[in-house]
Amino acid sequence: MNKTLQEGLNLAKGIEAALAGKKVNCEVIIGTPFIHLASLAQTIDTKKIGIAAENCADKVSGAYTGEVSASMVASTGAKYVILGHSERRAYYHETPEILKEKVLLALANNLIPIFCIGEVLEEREAGKHFEVVKSQIENSLFNLSAEEFGKIVLAYEPVWAIGTGKTATAAQAQEMHAFIRATLAAKYGKTVADNCSILYGGSCKPSNAKELFANPDVDGGLIGGAALEVESFMGIIEAFS
């Protein structure tokens, strides 16, 4: 929940200008509040920069005042939707069942879900981090066919390393990403697992991005605060090689 509409559009235009004429080795997607989506789709070249909503409802339509459906998101020109973010799970009590519905509705509206998973500090310290992450994947995504799952992007958020002063090492990130890929391979086979993009979402910034992205199973980043300024976001984009 950052940036007014005008500030958000200026940031997006700044990123687009910074990317102009540059050869980058990754896709760039901007995730914005709902009120920015339609304006953003008309302002930037969506063939060069993707647009993601930060959430969508678990209902098709109807008397759900304040909610925004997957079809509404798709109608703006957005192609992606972030689902299951740790803040949505923690503050708005989004359960695996709710998230399962959101994923199905996103896919039905040709949106690509960026599905977030990750453990909190107590779970990490109790040695339950693999169990928690596996459960989050199984309970919200393993109802999908291999073809449907092929449209999912995963984002691992070590919640304990976000704004806590604790930092996940590149080795810890790789260890969890490898575990996630092995979990997918056991269900859907090696090809589906290898083709799934698994992003890292734990305090990624220009100073540690290159080391994180060098890991074989880290396919990119889900960036928070470091994406709120053009210079720092570009530093992360340029670290991907």
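The values are calculated or read from the model by the stated rules, or taken from the named source; none is laboratory data. Being a predicted model, the structure only gives us computed values, none of them experimental. Using ideal geometry, Cβ is built from the backbone for each residue, glycine included, and neighbour counts are taken over all protein chains shown.
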- Message: Show the residue pairs meeting these rules: Cβ distance below 9 Å; 6+ apart or different chains; first residue within the stretch 215-229 and under 14 Å from Glu54 (Cβ atoms) and without any contact (Cβ under 8 Å) to a residue 60 or more places away in the chain; second residue assigned to a loop (DSSP other than H, G, I, E, B) and small (Gly, Ala, Ser).
- Response: Ile223/Gly201
- Query: Yes or no: Asp217 touching a His at 6+ places or on another chain (Cβ under 6 Å) and at pLDDT 95 or above?
  - Reply: yes
- Sort out which residues of the stretch 1-37 are touching a Ser or Thr at 6+ places or on another chain (Cβ under 6 Å) and crowded, with 16+ Cβ neighbours inside 10 Å, and write them in order of number. Gly8, Leu9, Leu37
- Query: What about Val73, is it in a strand (DSSP E or B), without any contact (Cβ under 8 Å) to a residue 40 or more places away in the chain and surrounded by 14 or more Cβ atoms within 10 Å (Cβ to Cβ)?
  - Reply: no
- Query: Taking interchain pairs and intrachain pairs at least six residues apart, which have beta carbon atoms under 6 angstrom, with the first residue in the stretch 78-94 and at pLDDT 95 or above and the second of a type in the set (Lys, Arg) and crowded, with 21+ Cβ neighbours inside 10 Å?
  - Reply: Leu83/Lys102
- Message: Go through the stretch 190-213 and report how many residues are small (Gly, Ala, Ser), in a helix (DSSP H, G or I) and under 16 Å from Glu27 (Cα atoms).
- Response: 1
- Task: Output yes when any residue across the stretch 96-110 is modelled with pLDDT of 95 or more, surrounded by 18 or more Cβ atoms within 10 Å (Cβ to Cβ) and at positive phi, and no when none is.
- Result: no
